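First up is the structure itself, then whatever we jot down about it.
The values are calculated or read from the model by the stated rules, or taken from the named source; none is laboratory data. Because the structure is predicted, anything quoted here is derived from the model rather than measured. Note that each Cβ is placed from the backbone with ideal geometry, even for glycine, and that neighbours are counted across all protein chains shown. Side chains are part of the model used for accessible areas, which takes the heavy atoms of the whole protein and leaves out ligands, DNA and RNA. Shrake-Rupley method; radii C 1.70, N 1.55, O 1.52, S 1.80 Å.
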Amino acid sequence: MGGLINDIAMDLDAEQQQGLGGWALKTAMVIEGVKQSKNGFYTPDERSAFRQALIPPVETAVWVGRCAQSNNLHGEARKLHVSNPTASNPLEDGCATTFVIGRLVLQVLSIKRKPDAMHGPLRLRMRSGPWDTKLRQVWPVEKPRVSWPPPESFSDLDDGLRDLRRRFAVGGAQE
């Protein structure tokens, strides 16, 4: 992580992606856990399974990106409440945690399905944005190697980081 925080270009192999994704999820659980208990997203069982056996909650993904500025430290967990619950929408809840450490940007997304809708397509709304050029998925590992940094960077001098924090919503179709 030190190389990423300090803006050193590198390829991340599958093991490094898993390690980075695991660290990001653990940190997301901590950030989310210090919020009011009534707003808790991750269950004690999910926290315990991850702490004891590194088993992530189902429907969890982690992305990495680059921040153009170097002296940033930020963390925010946003609970994604279902705004339009419908019988056909299997999503019940979600949590997106975004944090920045130096040049490293991390985003963790975990969603929960309704108990009676554990299979089938998901309807997660994602704001449009340059996500493909600014982020690389590291969890679950989809590629044996991922290049960092991505071609474009986020900045705190424009709306890039704010838009990233607001990227996901539970409910309707994609925007």
Of the numbered conditions (1) among the hydrophobic types (A, V, I, L, M, F, W, C); (2) part of a strand (DSSP E or B); (3) in contact with a Leu (Cβ under 9 Å, 6 or more places away or on another chain); (4) at pLDDT below 90, ALA117 fails exactly one; give the number of that condition. (2)
Right, SER88: of a type in the set (Gly, Ala, Ser) and at pLDDT 85 or above or not? no
Among residues of segment 17-30, those that are touching a residue at least 60 places away in the same chain (Cβ under 8 Å) and open to solvent by 40 Å² or more (accessible area, probe 1.4 Å), counted: 1
Residues in segment 54-61: is at least one among the hydroxyl-bearing types (Ser, Thr, Tyr) and in contact with a strand residue (DSSP E or B) (Cβ under 7 Å, 6 or more places away or on another chain)? yes
Screening PRO150, PRO144, PRO140 for residues that are surrounded by 12 or more Cβ atoms within 10 Å (Cβ to Cβ), modelled with pLDDT of 90 or more and over 18 Å from THR60 (Cβ atoms) leaves only PRO150
Inspect all residues belonging to segment 50-69 and state whether any of them is open to solvent by less than 30 Å² (accessible area, probe 1.4 Å), farther than 18 Å from ILE111 by Cα and not aliphatic (A, V, I, L, M). yes
Can we say GLU32 is touching a helix residue (DSSP H, G or I) at 6+ places or on another chain (Cβ under 8 Å) and modelled with pLDDT under 90? no
Quickly run through segment 6-51 and pick out the residues that are among the aliphatic types (A, V, I, L, M), more than 21 Å from ALA96 (Cα to Cα) and not in a strand (DSSP E or B). ILE8, ALA9, ALA14
